[in-house]
Amino acid sequence: MKFQQKMLNRTKKPLTILGYVACVSALLYAVPHLWWGMGISVVFPDEYKSFSDDIWLVAIGFGVMGFIAILAALFALSFIKSWGQRFPRFIPLTLGWIGSIGLTFWGLGFFYLRFFIEIDRAISPPQFIYQDLNVHLIIWGYICYSLFLVWGISLGLTVLNYQKESLVQNGRANKSMFIDR
């Protein structure tokens with residue numbers, strides 16, 4: 001029995017790494033947003049002074065989004081940690097697939113838009129011309145939206161693995177229930 005458990009743990013490791021990648025991606029999004037909300041301008045993509053002085057906008061845009069991303073990091077861990085099995089199966093699966101699809105398409109959206117701007121099939125509206133021509137903001141966009149892609153894809157693969165594993169475990173439980181009778 002212990003040998004089978006060790007073999008199962010060995011085969012799970014590469015797939016659990018994806019859960020950690022999703023967790024770290026969420027934290028990489030959360031941390032700068034939290035310190036920007038506290039007024040620390042390190043790695044802010046534009047001139048920090050140009051950001052709004054409205055306290056509610058800062059609190060929601062940075063503080064709340066950072067806190068939600070920390071919850072998303074914990075959510076990603078729930079697929080690979082034993083404490084995550086306490087939830088009914090459909091809740092993490094539904095939220096996980098929605099999150100994965102949303103994050104992946106959000107990340108792809110930037111690349112799609114940049115592609116069409118570069119081939120002159122899309123024109124920036126006047127309020128976004130500065131952002132679409134500023135090399136530093138473009139590089140920041142590639143970095144930031146790549147993070148969304150990595151986050152979404154790793155979360156999706158983690159959810160897919162969780163879905164397969166939970167089906168296998170449910171199948172084993174149902175078999176043992178019939179064998180015991």
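The values are calculated or read from the model by the stated rules, or taken from the named source; none is laboratory data. Quick caveat, the model's predicted, so the values are computed rather than measured. No Cβ is skipped: glycine too gets one built from the backbone with ideal geometry, and neighbour counts run over all protein chains shown. The accessibility values were calculated without ligands, DNA or RNA, using every heavy atom of the protein model including side chains. Shrake-Rupley method; radii C 1.70, N 1.55, O 1.52, S 1.80 Å.
Mind listing whichever residues of the range 102-127 are open to solvent by less than 90 Å² (accessible area, probe 1.4 Å) and assigned to a helix (DSSP H, G or I)? Please lay out each step first, then the result.
Here is the first cut: in the range 102-127, the ones open to solvent by less than 90 Å² (accessible area, probe 1.4 Å) are 102-104, 107-111, 113-114, 116-117, 119, 122, 124-125.
Residues satisfying the conditions are G102, L103, T104, G107, L108, G109, F110, F111, L113, R114, F116, I117.
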message = For the range 76-92, which positions are part of a helix (DSSP H, G or I), of a type in the set (A, V, I, L, M, F, W, C) and either open to solvent by less than 40 Å² (accessible area, probe 1.4 Å) or in contact (Cβ under 8 Å) with a residue 40 or more places away in the chain (or both)?
response = A76, L77
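S166 - would you say it is of a type in the set (S, T, Y), within 25 Å of the chain's Cα centre (by Cα) and at pLDDT 90 or above?
no
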